[in-house]
Amino acid sequence: MKFAIITHVIHLKSDSRFFGYAPYVREMNIWSKYVDQLVIVAPLVKNKPTEIDIPYNKAEIDFVKLPDFNLTSFKNIIFSIFKIPIILWRIFWVMKNADHIHLRCPGNMGLLGCIVQILFPSKQKTAKYAGNWDPRSKQPLTYRIQKWILSNTFLTRNMQVLVYGEWENQSRNIKSFFTATYHESEKEIIAKNSVDVETNFIFVGSLVLGKNPMYAVRIIEELVKNGKKAVLHIFGEGIERKNIEAYIKNNKLENFVFLHGNQNKETVKQFYKKSHFVILPSKSEGWPKAVAEGMFWGCVPIATKVSSVPFMLDYGKRGILLEMDLEKDSSRIIDLISNQNSFKEMSTQSLEWSHNFTIDRFENEIEKLFIR
């Protein structure tokens, strides 16, 4: 089987191997177990792999390089007018020669892939929509177009669309799905230190406005002002790093907030184990891996009410759903810190829930997608 992936994820090549963002590549390595030939259609840059980049397991990959593009400014739109026909042409020929077409959405490449796949109604197809599928959410026009095409069973045929969360009134090709980071063999019961002595928080994600890491820092600041010994460990990089560093310095939070940058999976795992809370005040998510990962190690999640997050937190029974009101959110966290029994109960519920979503189960579900 020739399996073609169309994705916006930026790839790198080093020593004849292709690298990409680790969580994405780990998932695609599972998909590729069930295929003979792997074709990747994506942007490719010359940078060296970083801590958060890993290689594909497949030794031989047919890589079709696409020029990256975006529509964020007038200048970029002009450049994109010349790039898009080239991209469409390359995607068309890859799809024509593929046995199975796999789209990664939402994204610019995913949008073009959604359009071209209409021309191949008889091909076996899957799409992974890793963003917010909530029909009520406000999203960019390009995201809404992708969702409309994917759920339109006249335009999109012979495709299973994997989405996060369970939503009413969906077309028959929409399949509720999940993602995973850890194996069954990694399960263990984590005994957390007393939460009211020193409370450890962890934030894992890109340091960008959409992930809202500054709100996590401000919550820690509020807890410290209220006499709590709270510590926040931040993992990730992004354009907000300088603003966060300045805020930490200006508000004398050097002993309470620590920036670790990008780190490998094992390093982050050890911090999850030591943390009481995993916090993600993100504006938009699909199935936030950081939240599920923290829960796997007994962290109580603190996250915004977006996409599948309320379902993951059982609508507030195994975590705190943020109101994005600093005073109210801080007060609720302080109340939970002050109640050791309630914290332990939430921690146990979080761990037990997340232990249902392992790589082993994920792999079984992926295999089923190839059997029709």
### Task
Give SER185, SER171 a once-over and let me know the one that is at pLDDT 95 or above, assigned to a loop (DSSP other than H, G, I, E, B), within 25 Å of the chain's Cα centre (by Cα) and among the polar types (S, T, N, Q).
SER171
### Query
Among ALA98, ALA42, which is the only one that is of a type outside the set (Val, Ile, Thr) and in contact with a His (Cβ under 6 Å, 6 or more places away or on another chain)?
ALA42
#### Entry: Selection from the stretch 58-91 of residues that are outside any strand (DSSP E or B), surrounded by fewer than 16 Cβ atoms within 10 Å (Cβ to Cβ) and modelled with pLDDT of 95 or more
LEU88, TRP89
### Total residues in the stretch 1-17, condition touching a residue at least 12 places away in the same chain (Cβ under 8 Å) and surrounded by fewer than 20 Cβ atoms within 10 Å (Cβ to Cβ)
8
### Task
Just give me the residues in the stretch 94-112 being in contact with a helix residue (DSSP H, G or I) (Cβ under 8 Å, 6 or more places away or on another chain) and more than 15 Å from MET28 (Cβ to Cβ), in sequence order.
MET95, PRO106, ASN108, LEU111, LEU112
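Which residue is surrounded by the fewest Cβ atoms within 10 Å (Cβ to Cβ), if the candidates are limited to the stretch 93-150 and must be among the polar types (S, T, N, Q) and outside any loop (DSSP other than H, G, I, E, B)?
Let us first name the residues in the stretch 93-150 that are among the polar types (S, T, N, Q), namely 97, 108, 117, 122, 124, 126, 132, 137, 139, 142, 146.
Those left that are additionally outside any loop (DSSP other than H, G, I, E, B): 97, 108, 117, 124, 126, 142, 146.
On the way: ASN97: 12, ASN108: 20, GLN117: 25, GLN124: 18, THR126: 21, THR142: 17, GLN146: 26.
Among them, the one singled out is ASN97.
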### Task
Among the numbered conditions (1) surrounded by fewer than 16 Cβ atoms within 10 Å (Cβ to Cβ); (2) farther than 29 Å from VAL35 by Cα, tell me where ASN200 comes up short.
(1)
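Listed here are the residues, each with its yes/no results for (1) in contact with an Asp or Glu (Cβ under 7 Å, 6 or more places away or on another chain); (2) over 27 Å from ASP53 (Cα atoms); (3) modelled with pLDDT under 95.
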| site | (1), (2), (3) |
| --- | --- |
| ALA246 | no, yes, no |
| THR267 | no, no, no |
| PRO281 | no, no, no |
| SER284 | no, no, yes |
| TRP287 | no, no, yes |
| GLY294 | no, no, no |
| CYS299 | no, no, no |
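The values are calculated or read from the model by the stated rules, or taken from the named source; none is laboratory data. Note that this is a predicted model, so its numbers are computed, not measured. Note that we place each Cβ from the backbone using ideal geometry, even for glycine, and neighbour counts take in every protein chain shown.
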